[in-house]
Every structure is written in C-alpha cells, then in structure tokens.
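Just below is one structure, and these are the notes that go with it.
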Amino acid sequence: MLLGVVLYGGIYGLSERQLRSHADPVLFSAVIPTDSLSIEVGRHIALTRGCHGCHGKELEGRDFTEDWPEVGRAVAPNLVKYLRDYGPAVMEAAIRQGIGHDGKALYSMPSYNFTNLTYPDLLSLMAYVQAHPVVEKELPSPKLNMTTRWALLRVNDENAVDLVKNLPDFIPFDERSSEARGQYIAMTTCIECHGLDLRGTAWGNPDLSIVAAYKKEEFDRLMKEGIGLVGSVCINVDVNYIQDVVAHDERIRKSFLDSICRTEMVLDENILSALEHDKAEHGKRHFRDF
Ligand code: HEC
Ligand code: HEC
C-alpha cells in the first residue's frame, strides 16, 4: 500500500516536471482584428484545421474521456471563453507551441499541425473566435492518467512541445507559386494524421506519396467527398488475416504495412485494375467493402 503511494507519487511528480521541462514560450503579441474579412478567413481556418471537430460545433469544448480513455480525461476547452480569459499570447502558445495556459506542455492537442500557421492566418483565427458567441457547456477538469504519465517518462511518448520540436524544417517555396500554397495546406492540415513528414504513421495511416497515383479528379473527390481509390491496392490481402493476426500485434502490423502496403509509387496514372476502378467509382471506399 505504502509502496503504491510512493510509486504513484513518484511517477506523478516526475511527469509533472517533464511537462514543465521546456523553455518559456516565445512571446507573441497581437491586436486581434475585428473586420468581417478577417473573421471570415478565420472561420475558414477553424473549419479546415479541425478546431470545430475537437472543440465543438460552437467552440463550446468537448470531453474526450470516452473517445480516448487511454489518456485519462482529455478535455478540449471552450475556445471563446479561453480567449477572453487568457488573451492572444497565451492562446498562441497553446496553438502553435504546444504550451498550455498553466505553463505545462499539452498532450492531446495537435499543436504540431498549427505551428506553421502564418501570423495573418492565426490573427484571423483569433478574430473568428473572438467574434463567436459564448456557448456554455459543463466540462470536467482534465486529468492525465498514470499510464500516460509513465509513457511520457519512458520517452516513448511525446508531449505537444516535443512534437512541435520534431517538425521537419519548413522551407517555404516562393509564396506566389501553387506548390507553396499546397505545401502550406499539407503542413498545417495533413500532417495531423499522415505523419510529421507526410510519410505515414506507425499505426497505419498511409504515406502520402500514394497521392502520385491519383488523377486530379480523383484527388479532388477524395478531398471533398472522402472517397479514396488507392486504399484498394491491398485488395488481394485476406481480410481475416488482417483482422485476426495483423490487427492484434504492433510488430506484425508494422512489418505488414512496410512490406505489403508500402509502395514507392511515382506514377502518373491510376494503378487500379479497370474492375477495381469501376467499383471505386461506384462507392467502394476501402478494400474491406465488397
Ligand atoms: C484532435 C483534436 C483537436 C484539434 C483538431 C484541436 N484541438 Fe485544441 N485541444 C484539444 C484537446 C484535447 C485540448 C486539451 C489539452 C490537451 O489535452 O492537450 C486542447 C486544448 C486547446 C487549447 C487550450 C490549451 C490549454 O490548456 O491552455 C487551445 C487554445 C486550443 N486547443 C486551440 C485549438 C485551435 C485554435 C484549434 C484549431 C486550429 C484546435 N485547438 C484544434 C484537441 C484538439
Ligand atoms: C484526421 C485525420 C486525417 C487528416 C487530417 C487527413 N487524413 Fe488522409 N487519411 C486518414 C486516414 C485514417 C486514412 C486511411 C483511410 C483508410 O485506410 O481507409 C487516410 C487516407 C488518405 C489517402 C489514401 C486514400 C486511399 O486509400 O486511396 C490519401 C491520399 C489522403 N489520406 C490524403 C490526405 C491529404 C492530402 C490530407 C490533407 C489535406 C489528409 N489526407 C488529411 C486520416 C487523415
């Protein structure tokens, strides 16, 4: 019993120290604009960067305890109240640097995805949040559980500040080019799920070099309707093998993805057979859909 208390206290204390072990946030100051164009641009940023997805339709906040029980109690706060209570500098540190209002590194907030947001886009985002009415919602206090704290200490898990630090250098292209625009969108949107360098994640989200296999119309459709084509590359793999064997073992999953699903595609044409392509056109989204 005593040992338990000591162990608990030790992990708690050390993990708290780890969450505060970063340098102070780089200072930020801003006067939030109030014009309607900035507010509209901000609304676009909030919608395309997923702020509403996690912080609620009315930015009222959301309790993620049931969605992410492994974290403990992850609670995305009410953003409208947050900005009123803490102001733009504290909010910027949370959004772009991964540092919370209490000075601790965040854990579930994907700040790495927003680090490269430009100053004007960030100001517009704040203009939108500031102009948004407050919608009240009861939210519990957040809490990291012991498993997560232990994982942080063993350095096999990274807090939001670490993830921001691990971002590859952002070398902007000439701002007028469409490549630069695309790079900006990818490095502030797609990296949330496709890996910091867009080369996929250990848990199986695909490497985006797969995009080379898409025709423009197909890519358009994937972005707007969520209907992909290339997922069907794995069509020949036995579904039961995936469900019964691969899905249960991290190691097998990784080697499976590396060997069978990973491709070095530099194609300028669609790689599906005519039959598969036709099925995809008719709504097949995944190799499990028959
Ligand atoms: C994948 C879900 C997710 C997305 C997307 C997301 N957030 Fe968060 N955010 C969270 C969670 C969860 C927290 C609570 C802190 C934590 O667990 O890291 C949080 C915390 C915050 C905080 C407060 C940090 C603190 O405690 O001081 C701010 C500010 C914030 N988010 C702003 C934003 C903005 C702006 C966007 C869009 C650009 C955004 N978030 C997108 C999940 C998300
Ligand atoms: C919130 C998480 C998330 C974000 C953000 C995201 N993706 Fe994905 N994406 C996924 C997942 C998960 C899959 C795998 C789906 C599957 O296997 O059915 C995927 C699959 C894909 C595929 C392969 C589809 C196929 O099977 O042919 C492409 C291409 C893709 N995403 C492009 C993008 C691009 C470009 C962006 C940024 C504009 C983006 N994604 C942003 C989660 C995300």
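Brief remarks follow.
- Residue tally, condition at negative phi and either among the polar types (S, T, N, Q) or within 10 Å of ligand 1 (Cβ to nearest atom) (or both), over the range 48-83: 23
- The one condition in (1) surrounded by fewer than 19 Cβ atoms within 10 Å (Cβ to Cβ); (2) part of a loop (DSSP other than H, G, I, E, B); (3) touching a residue at least 12 places away in the same chain (Cβ under 8 Å) that Glu60 fails to fulfil: (1)
- Contact map, the range 169-194: first residue closer than 20 Å to Cys51 by Cα, second residue hydrophobic (A, V, I, L, M, F, W, C) and loosely packed, with under 13 Cβ neighbours inside 10 Å, Cβ cut-off under 7 Å, separation 6 or more or different chains; pairs are Met187/Phe170.
- Residue among Ala93, Ala89 that is part of a helix (DSSP H, G or I), at pLDDT 95 or above, surrounded by 19 or more Cβ atoms within 10 Å (Cβ to Cβ) and in the same structural domain as Tyr12 (by TED's automatic domain parsing): Ala93
- Residues considered: Leu37, Leu27, Leu79, Leu47. Of these, the only one that is buried (at least 21 other Cβ atoms within 10 Å of the Cβ) and not polar (S, T, N, Q) is Leu79.
The values are calculated or read from the model by the stated rules, or taken from the named source; none is laboratory data. A quick note: this is a predicted structure, and the numbers were derived from the prediction, not measured. Note that we place each Cβ from the backbone using ideal geometry, even for glycine, and neighbour counts take in every protein chain shown.
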